[in-house]
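Student: Okay, here's the structure, questions in a sec.
Each value in this text was obtained by applying a stated rule to the coordinates, not by laboratory testing. Please read all numbers here as calculations on a predicted model, not as lab measurements. Every residue, glycine among them, receives a Cβ derived from its backbone with ideal geometry; neighbour counts consider all protein chains shown.
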Amino acid sequence: MRIVISPAKKMRTAADPVPESEPRFLQEAREIRHCLEELRPDERKALWKCSDRIARDGERQLAEMDQEPRTSAILAFEGIQYLYMEPESFTPPMRAYLKEHLRILSGFYGVVKPMDGVVPYRLEMQAKAAVGGHKNLYDFWGDSLL
């Protein structure tokens, strides 16, 4: 059985040990990043559908992706479901169970395991990002996330 959850809009860089793995679709994430970098700041803000303050945060995240330490995905997202899971309190058996059964869908990384290393980003799956000749992220990711 697999448990699939969505990411959270708000992310952080947590002080955790080195993440155990890399996202499976890291090359595709690099392609998405390149497309985002090709856009003007006002185009990115429109894509993100956000306030000026959040757009500034998104711009900073994009510019600093290479400098940011990677954080395990389960610790990086700050949404309510992550708050209630309390990942900082997981025991080794709980971590092992989640590594096997939990997946997080992501517009930027595709699908990640909880211990995959990620950096903060701003991009939702429903964003109309035209990447690699695709009209949006649903089209870009297609069946690869199944």
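Student: Quick one: M125 ticks every box in (1) touching a Phe, Trp or Tyr at 6+ places or on another chain (Cβ under 7 Å); (2) surrounded by fewer than 16 Cβ atoms within 10 Å (Cβ to Cβ); (3) within 18 Å of S6 (Cβ to Cβ) bar one, so which box is it?
Tutor: Tallying (1) touching a Phe, Trp or Tyr at 6+ places or on another chain (Cβ under 7 Å); (2) surrounded by fewer than 16 Cβ atoms within 10 Å (Cβ to Cβ); (3) within 18 Å of S6 (Cβ to Cβ), M125 fails exactly one: (2).
Student: So, in region 112-146, how many residues would count as being hydroxyl-bearing (S, T, Y) and under 18 Å from K45 (Cβ atoms)? Can you show your working first?
Tutor: As a first pass, look at region 112-146 and keep what is hydroxyl-bearing (S, T, Y): 121, 138, 144.
So of that shortlist, the ones also under 18 Å from K45 (Cβ atoms) come out as 121.
Counting residues in region 112-146 that are hydroxyl-bearing (S, T, Y) and under 18 Å from K45 (Cβ atoms) gives 1.
Student: Also, quick follow-up: Hey, any hits in region 59-69 for a residue that's touching a helix residue (DSSP H, G or I) at 6+ places or on another chain (Cβ under 9 Å) and part of a loop (DSSP other than H, G, I, E, B)?
Tutor: Scanning region 59-69 turns up at least one residue that is touching a helix residue (DSSP H, G or I) at 6+ places or on another chain (Cβ under 9 Å) and part of a loop (DSSP other than H, G, I, E, B).
Student: Considering only residues that are out of contact with any helix residue (DSSP H, G or I) (no Cβ under 7 Å at 6 or more places or on another chain) and not in a loop (DSSP other than H, G, I, E, B), which ones fall in region 38-53?
Tutor: Once the filter is applied, which keeps residues that are out of contact with any helix residue (DSSP H, G or I) (no Cβ under 7 Å at 6 or more places or on another chain) and not in a loop (DSSP other than H, G, I, E, B), region 38-53 yields E38, D42, E43, A46, L47, D52, R53.
Student: In region 117-146, how many are under 22 Å from Q61 (Cβ atoms), assigned to a loop (DSSP other than H, G, I, E, B) and of a type in the set (A, V, I, L, M)?
Tutor: Total meeting the criteria: 7.
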